[in-house]
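Report on one structure; see the data block that follows.
The values are calculated or read from the model by the stated rules, or taken from the named source; none is laboratory data. These numbers were taken from a predicted model, which means no experiment stands behind them. For neighbour counting, all protein chains shown are included, and Cβ atoms are generated from backbone atoms with ideal geometry for every residue, glycine included.
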Amino acid sequence: MKELNVGLIGYGFMGRAHSNAYRQAGKFFDLSYEPVLKAACARSKDKIQAFADNWGYEGVETDWRKLVERKDIDAIDICTPNNYHHDIAIAAAQAGKMVLCEKPLSMNPAEGLEMVEAVEKAGVANMVWYNYRRVPAVTLAKLLIDQGRLGRIFHYRAVFLQDWTISADLPQGGTGLWRLDAAAAGAGVTGDLLAHCIDTALWLNGPISSVTAMTEIFVKERQHNLTGKVEPVTIDDACAFLARFNNGSLATFESTRYARGHKALYTFEINGEHASIQWDLHDLHRLNYFDHRDDSIVRGWRSVHVSDSDMPYMDKWWVPGLQIGYEHSFIHGVADFIKGLETGEPAQPTFRGALETQYVCDAVLKSAKSGTWQAVGA
Ligand code: SOE
């Protein structure tokens, strides 16, 4: 088996999710490359050494530029705050490395486009970790839509709700809280949470043509962990938008970090001419399905428990009836990325695919500012 030597940058939540995925993928999927955890990288030597020891990385680096130049690394995995994605991805591509990047691709479409051009010019494999596509129930939704079971699509409805930033005492910036700092994150819930909803929506229902949006910042100032000063908050705390898809369907999207009681409630519902589907991250192994063509005396919403071996990915896991969870969506990401290397059919979304989500996010933020409909990509 060939080795796929990974150099991973960042040691937070995503560094852990990806490291776990590299370790597990080859145990469950038949892959012709074995991921090797070659080096982990972060500025803090103590923190990255502890991370590397825990996950079994062979070594550490404290300067990402050194990591991307190392001859013994095949793939660079970017798990840093968003403001580092651009420079690292471009340097990695120029050094001939494959590049895997945590979502969102970039701070804005202009950066994203440069990243796309860099990986395409270098001809290196690339992928953005939009993991929810690889929850088996969501992959099943794609299968049902592609089979034409829903017929013409009328509506797409998605929400992603959290409640962790309600306290005005929560600071912004620095480790763990960079998502509240526009300089590190680029955007608030639009780039962090709606980006997931948009990625899934584009995959399931095709391109979005135009949007009209509103955003709000509920807590206007917060202590900044890096400067020690109270500073204006400039990320969007909440965002709701309407969208039109190219296929003629209408959509509503909503996300907030101020929905008391919701920790990570990502749901979507799609209504078609013949059938509808619903999915809920809190019940991620189920897909709800309603088909109007059923006999009327048994017609109703069914809750499909996605665990049988004929369901997407599930033949690789336990026995029918036993479910899997969140971390498996990342394991599937590694397996699909490696399959892409084997077949030449790249795992999606590539950087180019993920750039489409950046264009929608950008249109949403522009519309929220202007108060008018905004064409995507304009
Ligand atoms: C934010 O709290 C967050 O961790 C996102 O950054 C992830 O992408 C999302 O999957 C869960 O919520």
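Within the range 20-74, count every residue that is outside any strand (DSSP E or B) and either acidic (Asp, Glu) or within 21 Å of residue 124 (Cβ to Cβ) (or both).
The total comes to 21.
Any chance the range 115-123 includes a residue that's within 16 Å of the ligand (Cβ to nearest atom), at negative phi and of a type in the set (A, V, I, L, M)?
Taking every residue of the range 115-123 in turn, none turns out to be within 16 Å of the ligand (Cβ to nearest atom), at negative phi and of a type in the set (A, V, I, L, M).
Kindly provide the set of residues from the range 88-141 that are within 24 Å of residue 314 (Cβ to Cβ), part of a helix (DSSP H, G or I) and hydrophobic (A, V, I, L, M, F, W, C), ordered by number.
137, 138, 140, 141
Residue by residue, here is whether (1) touching a residue at least 60 places away in the same chain (Cβ under 8 Å); (2) more than 30 Å from residue 198 (Cα to Cα); (3) of a type outside the set (Asp, Glu) holds:
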| residue | (1), (2), (3) |
| --- | --- |
| 55 | no, yes, yes |
| 63 | no, yes, no |
| 78 | yes, no, yes |
| 88 | yes, no, yes |
| 91 | no, no, yes |
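Can you confirm whether the range 295-304 contains a residue that is in contact with a strand residue (DSSP E or B) (Cβ under 7 Å, 6 or more places away or on another chain), over 30 Å from residue 173 (Cα atoms) and either at pLDDT below 95 or polar (S, T, N, Q) (or both)?
Yes.
So which residues in the range 358-370 are out of contact with any Leu (no Cβ under 8 Å at 6 or more places or on another chain) and either in contact (Cβ under 8 Å) with a residue 60 or more places away in the chain or crowded, with 22+ Cβ neighbours inside 10 Å (or both)?
Once the filter is applied, which keeps residues that are out of contact with any Leu (no Cβ under 8 Å at 6 or more places or on another chain) and either in contact (Cβ under 8 Å) with a residue 60 or more places away in the chain or crowded, with 22+ Cβ neighbours inside 10 Å (or both), the range 358-370 yields 359, 362, 363, 365, 367, 368.
Can residue 157 be described as more than 28 Å from residue 108 (Cα to Cα), away from the ligand (no atom under 16 Å from the Cβ) and of a type in the set (Lys, Arg)?
Working: more than 28 Å from residue 108 (Cα to Cα): no; away from the ligand (no atom under 16 Å from the Cβ): yes; of a type in the set (Lys, Arg): yes.
In short, no.
With out of contact with any Lys or Arg (no Cβ under 8 Å at 6 or more places or on another chain), surrounded by 19 or more Cβ atoms within 10 Å (Cβ to Cβ), under 16 Å from residue 139 (Cα atoms) and not acidic (Asp, Glu) as the only criterion, which of 284, 355, 341 stands out?
Every option except 284 fails the conditions.
Filter the range 183-210 down to the residues that are more than 13 Å from the ligand (Cβ to nearest atom) and either touching a strand residue (DSSP E or B) at 6+ places or on another chain (Cβ under 9 Å) or in a loop (DSSP other than H, G, I, E, B) (or both) and list them by number. Write out each step before concluding.
Start the filter on the range 183-210 by keeping residues that are more than 13 Å from the ligand (Cβ to nearest atom), which leaves 183, 201-210.
Once the filter is applied, which keeps residues that are more than 13 Å from the ligand (Cβ to nearest atom) and either touching a strand residue (DSSP E or B) at 6+ places or on another chain (Cβ under 9 Å) or in a loop (DSSP other than H, G, I, E, B) (or both), the range 183-210 yields 201, 202, 204, 205, 206, 207, 208, 209, 210.
For the range 118-128, give me each residue that is surrounded by fewer than 17 Cβ atoms within 10 Å (Cβ to Cβ) and over 22 Å from residue 203 (Cα atoms).
Of everything in the range 118-128, those that are surrounded by fewer than 17 Cβ atoms within 10 Å (Cβ to Cβ) and over 22 Å from residue 203 (Cα atoms) turn out to be 121, 123.
State yes or no: is residue 16 over 26 Å from residue 360 (Cβ atoms), within 16 Å of the ligand (Cβ to nearest atom), surrounded by fewer than 23 Cβ atoms within 10 Å (Cβ to Cβ) and free of Cβ contacts under 8 Å to residues at least 40 places away in the same chain?
yes
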